[in-house]
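Asker: The structure is given below, and queries will be raised subsequently.
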Amino acid sequence: MTVGSPGHGPGPLSYVVVGSCIVDFCVRVPRLPEQGETVLAESVTRSLGGKGANQATALRRLGGDVAIVAGVGADDFGAAFLDGFRREGIETRWIHRDAAAPTGVAFPMVLPGGGNAIVAAPSASMRLPVAAVEAAAARIRGASALLLQLEVPAAAAAAAMAIARQAGVPVYLNPAPFVAEAPQLAAGADVLIPNEVEAAALAGSPLRTPEDALRCAERLRALGPEAVAVTLGEQGAALSAPGIRRFTPAFPVTAVDSTGAGDAFCAGLVDARSRGASWPAALDFACACGALACRGPGAIPWLPTAAEVRTLVAGRP
């Protein structure tokens, strides 16, 4: 499938995100602890997050009509996600409330300079039933694009991808976190968007430089995707697509917390391509989205609007 035509079907661009809803407890630390060591945090902040929630919110702020298919607990955190999505204007009818598991939580450890390491307990997100995905089949078939990641069961992700592909809807897969089923799922994606850790796991070799990332993106296309974009954090992103081999440096920003940067990048790439942008222009737009998401602590509070992204892109020499 050739991805990137402006929209799918009549009406405004619409997106479906299948993914996680996880409450982030971000702790700022001077360094990561060694085994058996306690490191005192400088601060802690709580915010709604999870890759699914982040990506859905990012797409909504970029101007899309967005529905999310996700699992939350029948608890206060689950209710908070429903309230937050409604305030953003995100469709919530396909959120599965699980009485047997709590809403997921995560503990990003944020380092000086904005880098992070994250421990997550997805809980209800990893219990999303295939039936919940199938209930959203009509919405998926009518979408401009499907965006998903792997903080949900592989069976649920595969079901969503199959529905989309049968309807000709472009499938964008962010294979995070890397799981055993990731290579098989990658084969069913039109566009694969791993970071350097996930790309290295898929390709079986480490990435250190932009050239490494470009070569890896080319190899990963052999799995089946039409295009592969590998994010390299503060270095930028590498892309391999038909007739395209490109590395885009990151936009310089004062990074406070990079927790939501990868999710903002994914949303930016999906939105730009769905609006008909070329691959180089879409890569620039996605990198700008990722940079702007690093401006403050937590993910969702700092996801940018389309106007903010266009301003940053326009200011690059």
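Rundown of residues vs (1) open to solvent by 50 Å² or more (accessible area, probe 1.4 Å); (2) closer than 18 Å to Ala299 by Cα; (3) of a type in the set (Lys, Arg), yes/no style:
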position: Gly50; (1), (2), (3): no, yes, no
position: Ala58; (1), (2), (3): no, yes, no
position: Leu62; (1), (2), (3): no, yes, no
position: Ala67; (1), (2), (3): no, no, no
position: Gly73; (1), (2), (3): no, no, no
position: Phe81; (1), (2), (3): no, yes, no
position: Arg87; (1), (2), (3): yes, yes, yes
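Asker: With touching a strand residue (DSSP E or B) at 6+ places or on another chain (Cβ under 6 Å) and on the phi > 0 side of the Ramachandran plot as the only criterion, which of Gly236, Gly276 stands out?
Answerer: Checking each option against the conditions leaves just Gly236.
Asker: Specify the residue that is surrounded by the fewest Cβ atoms within 10 Å (Cβ to Cβ); the eligible residues are those in region 156-181 that are more than 16 Å from the chain's Cα centre (by Cα) and in a loop (DSSP other than H, G, I, E, B).
Answerer: Among those residues, the one meeting the criterion is Ala180.
Asker: Follow-up question, since we're still on this one. From the set of residues in region 217-231 that are hydrophobic (A, V, I, L, M, F, W, C) and open to solvent by 10 Å² or more (accessible area, probe 1.4 Å), which is nearest to the chain's Cα centre (by Cα)?
Answerer: By that ranking, first place goes to Leu223.
Asker: Hey, any hits in region 115-129 for a residue that's open to solvent by 70 Å² or more (accessible area, probe 1.4 Å), on the phi < 0 side of the Ramachandran plot and over 21 Å from the mean Cα position of the chain (by Cα)?
Answerer: There is no residue in region 115-129 that is open to solvent by 70 Å² or more (accessible area, probe 1.4 Å), on the phi < 0 side of the Ramachandran plot and over 21 Å from the mean Cα position of the chain (by Cα).
Asker: Let me ask something else about it. Quick check on Ala299: is it touching a Lys or Arg at 6+ places or on another chain (Cβ under 8 Å), among the small types (Gly, Ala, Ser) and in contact (Cβ under 8 Å) with a residue 24 or more places away in the chain?
Answerer: It is false that Ala299 is touching a Lys or Arg at 6+ places or on another chain (Cβ under 8 Å), among the small types (Gly, Ala, Ser) and in contact (Cβ under 8 Å) with a residue 24 or more places away in the chain.
Asker: Using the structure shown, decide if Pro102 is surrounded by fewer than 22 Cβ atoms within 10 Å (Cβ to Cβ), in contact (Cβ under 8 Å) with a residue 40 or more places away in the chain and either in contact with a Gly (Cβ under 7 Å, 6 or more places away or on another chain) or farther than 24 Å from Phe178 by Cβ (or both).
Answerer: So Pro102 fails the test.
Asker: Can you find, within region 100-112, the residue that is nearest to Pro30 (Cα to Cα) among those that are among the small types (Gly, Ala, Ser) and modelled with pLDDT of 95 or more?
Answerer: Only one residue fits best here, namely Gly104.
Asker: Test Arg28 against the criterion of being surrounded by 12 or more Cβ atoms within 10 Å (Cβ to Cβ) and modelled with pLDDT under 95, and give yes or no.
Answerer: When the stated conditions are applied, Arg28 passes them.
Asker: Here is a follow-up. Collect the residues in region 137-155 that are in contact (Cβ under 8 Å) with a residue 40 or more places away in the chain, out of contact with any Lys or Arg (no Cβ under 8 Å at 6 or more places or on another chain) and crowded, with 20+ Cβ neighbours inside 10 Å, keeping them in residue-number order.
Answerer: Ile140, Ala143, Ser144, Leu146, Leu147, Leu148, Val152
Asker: Has region 246-254 got any residue that is aliphatic (A, V, I, L, M), farther than 18 Å from Pro210 by Cβ and open to solvent by less than 10 Å² (accessible area, probe 1.4 Å)?
Answerer: There is no residue in region 246-254 that is aliphatic (A, V, I, L, M), farther than 18 Å from Pro210 by Cβ and open to solvent by less than 10 Å² (accessible area, probe 1.4 Å).
Asker: Looking for something open to solvent by 40 Å² or more (accessible area, probe 1.4 Å) and within 20 Å of Leu146 (Cα to Cα) - is there at least one such residue anywhere in region 265-275?
Answerer: Yes, the conditions are met somewhere in region 265-275.
The values are calculated or read from the model by the stated rules, or taken from the named source; none is laboratory data. This one's a predicted model, so the numbers in the text were calculated from it and none came from an experiment. Don't worry about glycine lacking a Cβ; one is built from the backbone with ideal geometry, like all the others, and counts go over all protein chains shown. All accessible areas refer to the heavy atoms of the entire protein, side chains included, with ligands and DNA or RNA removed. Shrake-Rupley method; radii C 1.70, N 1.55, O 1.52, S 1.80 Å.
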